[in-house]
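Here the structure is laid out as structure tokens; the discussion comes afterwards.
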Amino acid sequence: MFGWQGKALRVNLTNGLVETELIATELLEDYLGGCMLAGKIAELENISAENNKLVISNGVLTGTGTPGAALCAIGAHVFPEFFCCPLWYHLGAELKFCGYDVIIIEGEAPVWSYLLVSDNEVKIVSGEEIKGLSLRETENFIRDGYSKWLGNEIRILSIGEAGEGQSALASLVNDGLLISHSGGIGSVFGEKHLKAIAIRGTGDFKLAHASKFVDIITKAIQNFRDNKDRIYEQMANICEELNLPLVEKIYYGSEKRGCLGCPIACLQQKQEEFLPHFTTLFCLTHLLGLYRLEEILVIYHLCLKKGIDPIALSVAARCVIELVKQGKVKETSLKIGDIEGLINLITDHDSLLHKGAARLAQEYNIEEYFKGLKKELNEHLGIIFGNLNQVNEKMHILDALGICPYILLGFPFEMIKETFKTVTGKELVEGSLKNRGLKWMEDYTVFR
Amino acid sequence: MDGRLYRIQIDTNKCTGCRHCETACSLVHTSGKINYHRARIRIISLEDRFLPLMAGPYVPITQECASKKLVTINGKTYDQCILCRASCTNKSIFKEPDSGIPLKCDFCAFRPEGPACIEFCTSGALSLVRIKE
């Protein structure tokens with residue numbers, strides 16, 4: 001079989017049992033990978049709030065060198081239902097080189113631990129000292145256990161204080177990059193006493209038609225180079241349409257960072273720290289009314305320090321503001337643009353904010369408002385992909401392939417279909433995938 | 001390639017850390033497998049930047065190893081060993097992961113198009129520079 005490794009790793013944190021399982025070829029071919037496969041596995045494993053298993057599912061093309069193919073999906077039951085979101089950066093590729101398509105994590109560790117997957121060696125490393133460490137300290141703690149060369153190659157997915165406290169806003173952090181739109185999954189890590197997952201793989205991944213693959217990618221990259229200016233101009237136009245005047249200021253003097261194999265490299269880093277992505281900026285400005293650079297950075301750094309998803313935070317804060325308006329809560333007087341009030345709610349772990357938007361909406365009966373908010377956010381974020389040819393229809397397929405949708409700014413979907421064929425030796429039949437995994441993709445687009 | 005002498009110029013300010021060069025290198029050197037541990041170019045993550053490093057010749061570690069000094073670049077101090085591109089016994093990189101055979105950049109001499117890493121690099125961090133007519 002080409003394209004997939006065909007294996008799943010099952011780890012039980014309660015009893016420390018680690019098993020490698022074979023995945024049925026039909027399942028992989030029908031559900032490809034990413035959120036689509038994670039969703040199917042959730043159904044097969046009957047994932048619920050009670051057993052709350054975590055599923056990591058790789059994209060088919062992740063790690064192959066197809067432009068933008070860096071995503072893997074992570075899913076768990078997050079109130080009120082199974083939720084799945086893509087992880088960027090380099091983790092997915094590392095998992096592929098370990099020889100796995102899927103990781104299923106069950107149970108709850110008796111003490112705080114991290115999971116290390118290094119090729120066939122899988123270890124649950126226990127240590128209460130890891131609890132309470134900041135995100136950077138956690139990464140250093142894990143890397144310091146290895147030589148500088150090995151440490152450099154380990155990819156780490158971790159949680160911060162918010163995840164430990166099982167906040168509904170708890171985000172995941174991938175090698176220093178805050179995964180916005182992963183709100184809630186960090187709390188499942190907290191439930192399991194799982195501080196981090198560290199992955200390093202050294203195995204091979206074989207392609208069905210490698211020389212043809214190289215030809216396609218070389219041509220596509222040449223084409224990208226010829227149109228590079230137009231692509232960045234298009235991205236600037238998107239920011240303008242989203243009305244984000246602060247983008248230029250915030251990214252001034254920053255350096256571009258790319259997920260694995262991404263020529264666009266839309267991540268920005270300054271002084272060794274990732275800056276907020278423009279979808280995050282959109283939420284902080286338009287949902288929370290923070291229009292000053294200093295204010296945005298204060299909130300963003302607080303999110304980074306505590307491991308909070310800024311997008312989930314923005315949506316939850318808007319729900320709190322609505323509750324204040326309706327007179328349904330008395331413990332806060334939060335209003336749009338009130339940065340001090342917001343900081344107070346973020347730093348108080350027992351505050352309403354940490355219940356998350358979905359739970360607040362249900363508890364205080366403002367579900368219609370929450371739905372409206374999601375719709376509004378979706379419409380605005382639709383601007384990002386609005387100019388791209390039929391991208392919304394293809395979003396779930398791109399995700400299953402492990403490809404970041406932004407890549408369509410510079411590469412045609414047809415090229416991706418061709419690479420799928422050269423990697424797997426099979427045709428990508430779009431029609432048959434239409435009704436698979438869409439449910440999660442709806443949520444995914446909301447929080448992106 | 002046209003028979004003239006070239007070298008690969010590295011601009012660390014432009015490297016985004018996407019590691020497309022590693023993928024390209026492993027693809028063309030391993031008959032269709034992807035495994036960046038088999039690549040002759042590696043992206044080293046420094047504190048504030050990425051450093052593309054091409055595998056140099058195999059060097060056994062001796063008392064006289066020249067790369068034990070500290071080097072200061074743009075006010076940051078680095079261990080010179082990190083910047084050294086030798087495939088040596090002190091490092092886990094630039095070795096075949098299964099056999100441990102040292103790897104060395106061959107400039108993709110077997111490819112008429114030249115080094116694959118440069119073809120795949122879109123950030124401009126790697127470029128081919130002619131050094132002699």
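Since every read-out is calculated from the coordinates, none of them should be taken as a lab result. Since this is a predicted model, take the numbers as computed values, not measurements. Cβ coordinates were reconstructed from backbone atoms using ideal geometry, including for glycine residues, and neighbour counts include every protein chain displayed.
Projected onto the charge dipole of the protein assembly as shown (+1 at Lys/Arg Cβ, -1 at Asp/Glu Cβ, origin at the Cα centre), which of A:329, A:75, A:366 gives the Cα projection farthest towards the positive end?
A:75
Counting only other chains, and only Cβ atoms inside 10 Å, what mean value do you get across the residues of B:6-18?
Counting Cβ atoms of other protein chains within 10 Å of each residue's Cβ and averaging gives 4.
With +1 on each Lys and Arg Cβ and -1 on each Asp and Glu Cβ, and nothing else charged, work out how big the dipole of the protein assembly as shown is about its Cα centre, in Debye to the nearest 20.
The dipole magnitude comes to about 1560 debye.
Place a +1 charge on the Cβ of each Lys and Arg in segment A:7-200 and a -1 charge on the Cβ of each Asp and Glu, then give the dipole magnitude about the Cα centre in debye, rounded to the nearest 20.
Magnitude of the dipole: close to 420 debye.
First obtain the Kirkwood hydrodynamic radius of segment A:240-366 from its Cα pairs, then insert it into the Stokes-Einstein equation at 4 °C and 1.567 mPa s, and state the resulting D in µm² per second as a whole number.
For the chosen part, D equals 83 µm²/s.
Farthest toward the dipole's positive end in the protein assembly as shown, which of A:189, B:67, A:261, given Cβ charges of +1 (Lys, Arg) and -1 (Asp, Glu) about the Cα centre?
It is B:67, whose Cα lies furthest towards the positive end.
In whole Hz, what ³J(HN,Hα) sequence does segment A:269-282 give by Karplus (6.51, -1.76, 1.60; θ = phi - 60°), x for Gly and Pro?
The phi angles translate into 10, 9, 6, 6, 10, 6, 8, x, 6, 5, 6, 5, 4, 4 Hz.
So in chain B, what percent of DSSP beta bridges are antiparallel if you round to the nearest 5?
Expressed as a percentage, antiparallel bridges in chain B total about 90.
Run the numbers on chain A and let me know its relative contact order in percent, using alpha-carbon pairs under 8 Å that are six or more apart.
For chain A, the relative contact order is 21 percent.
Can you grab the distance from the C-alpha centre of segment B:60-133 to the C-alpha centre of segment A:1-79, Å, no decimals?
What the calculation gives is 36 Å, centre to centre.
Just subtract the alpha-carbon distance of residue A:25 and residue A:211 from 0.36 nm times their residue separation and send over the number in nm, one decimal.
Difference between extended and current length: 64.5 nm.
Could you let me know the centre-to-centre spacing of segment A:112-146 and segment A:323-371, using Cα atoms, in angstrom?
If you average the Cα positions of each part, the centres end up 34 Å apart.
I'd like the antiparallel share, as a percent to the nearest 5, of DSSP beta bridges with both residues in segment A:7-200.
Once the DSSP bridges in segment A:7-200 are tallied, antiparallel ones form about 75 percent.
Per q in 0.14, 0.22 1/Å, what log10 I(q)/I(0) does a Debye calculation on the alpha-carbon atoms of segment B:57-111 return?
Evaluating at q = 0.14, 0.22 Å⁻¹ gives log10 I(q)/I(0) of -0.48, -0.89.
Neighbouring Cβ atoms within 10 Å as the yardstick, rank B:36, A:369 fewest first.
The most exposed by this proxy come first: A:369, B:36.
With 10 angstrom as the radius, rank A:82, B:107 by how many other C-beta atoms surround their C-beta, starting from the fewest.
B:107, A:82
What is segment B:5-132's relative contact order, in percent, from Cα pairs under 8 angstrom and six or more apart in sequence?
35 percent
Quick one: dipole size for segment B:5-132, taken about the Cα centre, charges +1 on Lys/Arg Cβ and -1 on Asp/Glu Cβ, in debye to the nearest 20.
200 debye
Using only DSSP helix segments of four residues or longer, with each worth -39500 (n - 2.57), what per-residue ellipticity at 222 nm results for chain A after dividing by its residue count and rounding to 500?
-12500 deg cm²/dmol, from helical runs alone.
Which residue, chosen from A:18, A:356, B:108, occupies the Cα position most advanced towards the positive end of the dipole of the protein assembly as shown, where the dipole is computed from +1 (Lys, Arg) and -1 (Asp, Glu) charges on Cβ about the Cα centre?
B:108
What FRET efficiency do you get for residue B:68 and residue A:368 if R0 is 60 Å and r is their Cβ-Cβ distance, rounded to the nearest 0.05?
0.35
Which Cys in chain B stand alone, with every other cysteine's Cβ at 4.7 Å or more from theirs?
Unpaired cysteines in chain B: B:15, B:18, B:25, B:65, B:81, B:84, B:88, B:105, B:108, B:121.
Looking at chain A, what % of the alpha carbon pairs are farther apart than 35 Å?
26 percent
Can you give me the relative contact order of segment A:7-200 as a percent, contacts being Cα pairs under 8 Å and 6 or more apart?
Across segment A:7-200, relative contact order equals 20 percent.
Less than 12 Å apart at the alpha-carbon level, and either on another chain or at least 8 residues along: which aspartates and glutamates does that give for residue B:68?
Within the straight-line limit of under 12 Å, residue B:68 reaches these aspartates and glutamates: B:79.
Counting just the Cα atoms, what span does segment A:7-200 cover along each of its three principal axes? Round to the nearest Å and put the largest first.
43, 39, 32
Arrange A:138, A:66, A:202 by Cβ neighbour counts within 10 Å, fewest through most, would you?
The most exposed by this proxy come first: A:202, A:138, A:66.
Return the inverse of the average 1/r over all pairs of distinct C-alpha atoms in chain B, which is the Kirkwood hydrodynamic radius, in Å to one decimal.
This gives a value of 15.6 Å.
Can you tell me the Rg and Dmax of segment A:14-100, counting just the alpha carbons, in angstroms?
For segment A:14-100, the Cα radius of gyration and maximum Cα-Cα distance read 13.2, 40 Å.
Across peptide B:34-41, how many C-beta atoms of other chains are within 10 Å of each residue C-beta, on average?
5
Ignore the peptide's own chain and count Cβ atoms of other chains within 10 Å of each Cβ in A:252-263; give me the average, rounded.
5
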